[in-house]
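Undergrad: Sharing a structure below in structure tokens format, with a few things to ask.
The values are calculated or read from the model by the stated rules, or taken from the named source; none is laboratory data. Owing to the predicted nature of the structure, the values given are computational and were not obtained by experimental measurement. Cβ coordinates were reconstructed from backbone atoms using ideal geometry, including for glycine residues, and neighbour counts include every protein chain displayed.
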Amino acid sequence: MLGTGLKVKVPNGAQLQVDDDVESTDGHYVLGRYNGTTGYIGKANVSPAALGLAGGMQDSTSSTDSGRSASDSGRSSMPDRVPTPVSQDVADSAESESEEPDIGEIFDRAGDLASGLATALQKIHPIGIDLLLPHIEAAPKSERDAAWQDKTLMAGAKRVLSLDDYLALLPARRVFKQPTGGVFPGAQGARDGHTSAAEVDVLIGKHLGKYVAEAQKAGRKAEGEISVVGNKDWKIAFERQWPGVDPGMASAFVDVDQPKRHIWLHKDRGDPGTAIHEGMHKYANNEIRNRQRGLYRTGMTPIGMLDEGLTEYFTRLITPLLGITRSSYPNKLKIAKKLVRIVGEGITAKAYFDGDFDSFINAYLRGTGRTKTHWDHLSRAFETEKYGEAGKILNSGAES
């Protein structure tokens, strides 16, 4: 503290006396007393309300003479003040307070993830998800759950972070809100809610392990990518991705062409297989989706119909084994199944999970004796959602 260079550790939430009329020349520090020691403490370390910084709330019990300067700090006593909570666990000297806060030290000093996040959001500006993510990932599930359930902390994060970083924070914290009233409308048997991301990874690895080995090596997974959210966050995420579209028209989606492609599930919509379908997208290579939509969906919603049909095909290799009945994507799945029967499931898996789409197309052409012109004709009808026409082209081999 001032005059001795001594640094006094103050526990988080401790009470101290503050005289905010006595401050340093640069205006960053005020006189404080804790446990018999008097010296300077950074204003940023003290509850803003006590400093008159929050909405003009000034401590009304102060009797301090405003004419004093920082040179008076050597005195041994101070006028009585209302005890003020410390917002950081260390009251450093003036020299150390002037340094940029270190995020690693912040989390090391914090007692848990929520405290570390709250301090980091307050102390580091600007701050983004890339700085926070390593500390979130290192925290145990119990602390991540406590963090996302802290409404004050989440509201603060929404204020401080950019839109993209706030939305990236939700899956990082494994936000998994329970359905309204505790009852999931899509419940099936013992499965009375959305399947967790962790279980999605287990199920895909168990039942599709021979197909997803390369995807797993590449680090693709559902864990840390899925958020089960309520109406407010659903609306924010949906309108970022699909501006001008009714947020009530979907139960789940995967971000397309966003900084980070996360998965969003509405807590009251879908079925226990919804997370498996959406999680399957995270294992998929982008080749089929990007090539098909680039060729055939210019100016349309940037998703791929073949991609969706094959995603549902692989999803239904799992869901019946769990007693889950699915009815989603009927038209896309019907055409996808016909293509798989011609091409073969192994070649289809290589195309979908590993990006070997050319081998898929060539296998189709060999299996049917048709031309690339026919494939383009079929793909255009399928990708523009003309499912009846696509079915006829598939059956007839038409080229135009």
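Undergrad: Count, please, the residues in region 236-261 that happen to be under 17 Å from Asp307 (Cα atoms) and part of a loop (DSSP other than H, G, I, E, B).
TA: So the first thing to find is which residues in region 236-261 are under 17 Å from Asp307 (Cα atoms), and the list is 252-257, 261.
Narrowing further to those that are part of a loop (DSSP other than H, G, I, E, B): 255-257, 261.
Number of matching residues: 4.
Undergrad: What are the pairs, 6+ residues apart or on separate chains, where a residue within region 370-389 that is over 17 Å from Phe357 (Cβ atoms) and at pLDDT 95 or above has its Cβ under 8 Å from a residue that is crowded, with 16+ Cβ neighbours inside 10 Å and of a type in the set (Asp, Glu)?
TA: Going by the 8 Å Cβ cut-off, the qualifying pairs are Ala381/Glu389.
Undergrad: Being over 25 Å from Asp356 (Cα atoms), at pLDDT 95 or above, small (Gly, Ala, Ser) and out of contact with any Asp or Glu (no Cβ under 6 Å at 6 or more places or on another chain) narrows it down to one residue among Gly270, Gly244; which is it?
TA: Gly270
Undergrad: Phe357 - would you say it is within 21 Å of Asn285 (Cα to Cα), of a type outside the set (S, T, N, Q) and buried (at least 21 other Cβ atoms within 10 Å of the Cβ)?
TA: Considered against the rule, which asks whether it is within 21 Å of Asn285 (Cα to Cα), of a type outside the set (S, T, N, Q) and buried (at least 21 other Cβ atoms within 10 Å of the Cβ), Phe357 comes out as no.
Undergrad: Could you identify the single residue in Asp201, Asp164 that is more than 30 Å from Thr325 (Cα to Cα), of a type in the set (D, E, K, R) and assigned to a helix (DSSP H, G or I)?
TA: Within the list Asp201, Asp164, the selection yields Asp164.
Undergrad: From the list Ile288, Ile361, Ile347, Ile342, which one is assigned to a helix (DSSP H, G or I), modelled with pLDDT of 95 or more, farther than 30 Å from Gly219 by Cβ and of a type outside the set (Lys, Arg)?
TA: Ile342
Undergrad: When you go through Glu199, Glu223, Glu214 one by one, which is the residue that is over 23 Å from the mean Cα position of the chain (by Cα), modelled with pLDDT of 95 or more and surrounded by fewer than 19 Cβ atoms within 10 Å (Cβ to Cβ)?
TA: Glu214
Undergrad: Same structure, new question: Please pick out the residue among Lys332, Lys337 that is more than 30 Å from Gly181 (Cα to Cα), of a type in the set (Lys, Arg) and surrounded by 22 or more Cβ atoms within 10 Å (Cβ to Cβ).
TA: Within the list Lys332, Lys337, the selection yields Lys332.
Undergrad: OK, next. Is it true that Pro272 is surrounded by 24 or more Cβ atoms within 10 Å (Cβ to Cβ) and not in a helix (DSSP H, G or I)?
TA: Yes; evaluated as a whole, the condition is true for this residue.
Undergrad: In region 135-156, is there at least one residue being closer than 29 Å to Ser328 by Cβ and touching a helix residue (DSSP H, G or I) at 6+ places or on another chain (Cβ under 7 Å)?
TA: yes
Undergrad: Moving on to the next point. Tally the residues that are more than 24 Å from Arg297 (Cβ to Cβ), surrounded by fewer than 19 Cβ atoms within 10 Å (Cβ to Cβ) and among the β-branched types (Val, Ile, Thr), restricting the search to region 226-263.
TA: Result for region 226-263: 1.
Undergrad: While we're on this one: Residue by residue through region 310-326, note down the ones that are farther than 15 Å from Glu287 by Cβ and not charged (D, E, K, R).
TA: Within region 310-326, Tyr313, Phe314, Thr315, Leu317, Ile318, Thr319, Pro320, Leu321, Leu322, Gly323, Ile324, Thr325 meet the criteria.
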